[in-house]
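Shown next, in structure tokens, is the structure this report addresses.
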């Protein structure tokens with residue numbers, strides 16, 4: 001059973017459907033409404049898997065607790081947590097002019113939310129493993145190449161994703177004694193709603209060779225990596241960061 005946050009659309013939806021194809025029951029979390037999420041629930045059920053939607057804002061403590069309670073009540077277990085929910089700044093603003101309001105919003109959703117949701121879910125995973133040592137739960141954090149790439153017009157986003165990278169290492173270290181592996185996936189330039197406002201800019205950069213594999217990334221590129229982790233193809237890895245970026249991370253001369 002997998003809990004995928006921000007799975008109402010985009011990368012999260014692709015992850016949820018790919019995991020259902022791989023045999024997982026799915027809990028979708030998002031702030032979207034029931035009507036917007038319904039098509040994904042239908043797709044998952046058509047694949048023969050159970051699907052449940054928990055509408056909640058991961059930036060709020062009470063709503064994170066409600067997600068975990070729903071998880072316990074509906075599925076009575078969790079094998080995989082995918083921290084995918086995230087937002088860009090509402091307005092791209094030079095770091096010299098950026099507001100605290102924008103910083104607080106982005107950091108609350110992109111870093112504080114998954115940090116403390118992971119805390120709750122990890123405790124539940126530990127409880128489950130104490131009763132059944134055969135369980136092999138995992139956690140996957142969806143970060144970004146912005147974790148290490150300077151973009152001064154959206155500094156709060158870059159800082160939040162750099163925080164997710166360190167959060168991955170911290171939880172991988174702490175949970176290793178329980179046999180719970182933690183991974184980070186860093187998508188690159190992805191064709192999603194988040195990048196729609198800057199599509200023309202990135203079309204040009206890709207054509208000019210900013211990435212070795214000269215195409216946009218897709219949500220399915222990310223979901224394939226999540227499925228590989230879910231299927232235990234990386235059993236002897238934890239705290240690992242997987243770049244899904246067409247080679248953007250390479251330093252080239």
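The values are calculated or read from the model by the stated rules, or taken from the named source; none is laboratory data. Treat the numbers as computed from the prediction; the structure is a model and nothing was measured. For neighbour counting, all protein chains shown are included, and Cβ atoms are generated from backbone atoms with ideal geometry for every residue, glycine included.
Some notes on this structure:
- The residues of the stretch 119-160 that are within 15 Å of the chain's Cα centre (by Cα) and touching a residue at least 60 places away in the same chain (Cβ under 8 Å), listed by number, are 121, 138, 140, 142, 143, 145, 157, 160.
- Under the condition of being touching a residue at least 12 places away in the same chain (Cβ under 8 Å) and closer than 17 Å to residue 194 by Cα, the residues counted in the stretch 88-102 number 6.
- Subset of the stretch 206-253 (residues that are in a helix (DSSP H, G or I) and either touching a residue at least 12 places away in the same chain (Cβ under 8 Å) or buried (at least 20 other Cβ atoms within 10 Å of the Cβ) (or both)): 206, 219, 220, 221, 222, 223, 224, 225, 226, 227, 229, 230
- Subset of the stretch 103-114 that is surrounded by fewer than 19 Cβ atoms within 10 Å (Cβ to Cβ) and touching a helix residue (DSSP H, G or I) at 6+ places or on another chain (Cβ under 6 Å) - its residue that is farthest from residue 235 (Cα to Cα): 103
- Residue within the stretch 163-170 that is without any contact (Cβ under 8 Å) to a residue 40 or more places away in the chain, surrounded by fewer than 21 Cβ atoms within 10 Å (Cβ to Cβ) and either in contact with a strand residue (DSSP E or B) (Cβ under 6 Å, 6 or more places away or on another chain) or outside any helix (DSSP H, G or I) (or both) present: no
- Residue selected from the stretch 189-198 under the condition out of contact with any strand residue (DSSP E or B) (no Cβ under 8 Å at 6 or more places or on another chain) and surrounded by 13 or more Cβ atoms within 10 Å (Cβ to Cβ), by the criterion farthest from residue 85 (Cα to Cα): 198
- Residue 60 vs. criteria touching a strand residue (DSSP E or B) at 6+ places or on another chain (Cβ under 9 Å), surrounded by fewer than 19 Cβ atoms within 10 Å (Cβ to Cβ) and either modelled with pLDDT of 95 or more or under 19 Å from residue 190 (Cβ atoms) (or both): no
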